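This report concerns only the one structure given below.
The values are calculated or read from the model by the stated rules, or taken from the named source; none is laboratory data. What you see is a predicted model, and the numbers here were worked out from it, not measured in a lab. We place every Cβ from the backbone using ideal geometry, glycine too, and count neighbours over all the protein chains shown. Note: accessible area is taken over every heavy atom of the protein model, side chains too, but ligands, DNA and RNA are not part of it. Shrake-Rupley method; radii C 1.70, N 1.55, O 1.52, S 1.80 Å.
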Amino acid sequence: MSTVALVDDDPGVLDALGTLLASRGHAVDRYANATEFLAAPPACGCVLSDVRMPGLNGLELLASLQAAGDPRPVILLTAHGDVEMAVRALKQGAFDFIEKPFEEERLLGAVAKAVEAGQATAVRMTELTDLRQRYETLSDRQREVMWLVVAGYANKEISARLGISIRTVETYRAWAFEKMGAKTLAELVRHGIALEEALGEREKP
């Protein structure tokens, strides 16, 4: 089950929001400040945080999560927000920005969307981790052939570019398909696109 991490220095808000979210079936972890939240083990779900808190504020909390590579969507709450702050929060990567007092359904709708987005991100990250582990099992030559296949080169063209026989290309290509868990060319291309985004050009052969 996905967990909503609720961060607010007001005990009354923690209690009220926690009760509301729990009544709609969400698991809820409550934290009195950003430092306490950041020290806790991460859980799949989303973060619902006040903006103005002692110590780290909500925007700083968001920045800390991004720096740590934490994929959880962050919804920010504030009673003192303005358009400038909202725009800054969204540009910084906040999933949503809600001003107090808020309508319960508005908040619950935002949380539901954030949880769904967080789950989808978690699935993508798991898949990408698997792809990277598979990629690590390829030899340098198998990687070269894989990237040329992904780029659309035919076996004959790959043979000429690498100075190896077509039969050797076919062997490396077959290994690339097997090790990457791809049954079709389209699947290998999709894997390659995902890896390009994760690895960057510098890690490609």
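Ignoring lysines fewer than eight residues from K100 along the same chain, the ones with Cα atoms less than 25 angstrom from its Cα are K91, K113.
Share of carbon and sulfur in the accessible area of the chain stands at 53%, probe radius 1.4 Å. A 1.4 Å probe run over the protein chains yields, for the chain, 55 Å² of accessible area per residue, whole-number rounding. Cα convex hull, the chain: 146 Å³ per residue, rounded to a whole number. Divided by 2.2 N^0.38 Å, where N counts the residues, the Cα radius of gyration of the range 1-51 comes to 1.03.
Sequentially through the range 123-133, phi angles give Karplus couplings (6.51, -1.76, 1.60; θ = phi - 60°) of 5, 4, 5, 5, 5, 5, 4, 5, 4, 5, 5 Hz, Gly and Pro residues having no value and appearing as x. The HN-Hα couplings worked out from phi for the range 37-53 by the Karplus form 6.51 cos²θ - 1.76 cosθ + 1.60 (θ = phi - 60°) are 5, 5, 7, 7, x, x, 10, 5, x, 9, 10, 10, 10, 5, 7, 8, 9 Hz, whole numbers, x standing for Gly and Pro. Counting only residues at least eight positions apart within a chain, or on another chain, the aspartates and glutamates with an alpha carbon under 20 Å from that of K179 are E127, D130, E136, D140, E144, E170, E187, E196, E197, E203. By the helix-only formula, in which each DSSP H run with n ≥ 4 contributes -39500 (n - 2.57) and the sum is divided by residues, the chain has a 222 nm mean residue ellipticity of -18500 deg cm²/dmol. For GluC sites (Glu not before Pro), the sites in the range 68-119 that DSSP calls loop and that have at most 12 other Cβ atoms within 10 Å are E103.
Annotation for C44 and R88: the two label points, set 7 Å from Cα along the Cα-Cβ direction, are 3.5 nm apart.
If R0 is taken as 30 Å, the Cβ-Cβ distance between A194 and T19 corresponds to a FRET efficiency of 0.15.
When the Cα atoms of the range 87-205 are enclosed in a convex hull and the volume is divided per residue, what value in Å³ results? Measuring per residue, one finds 128 Å³ for the Cα hull of the range 87-205.
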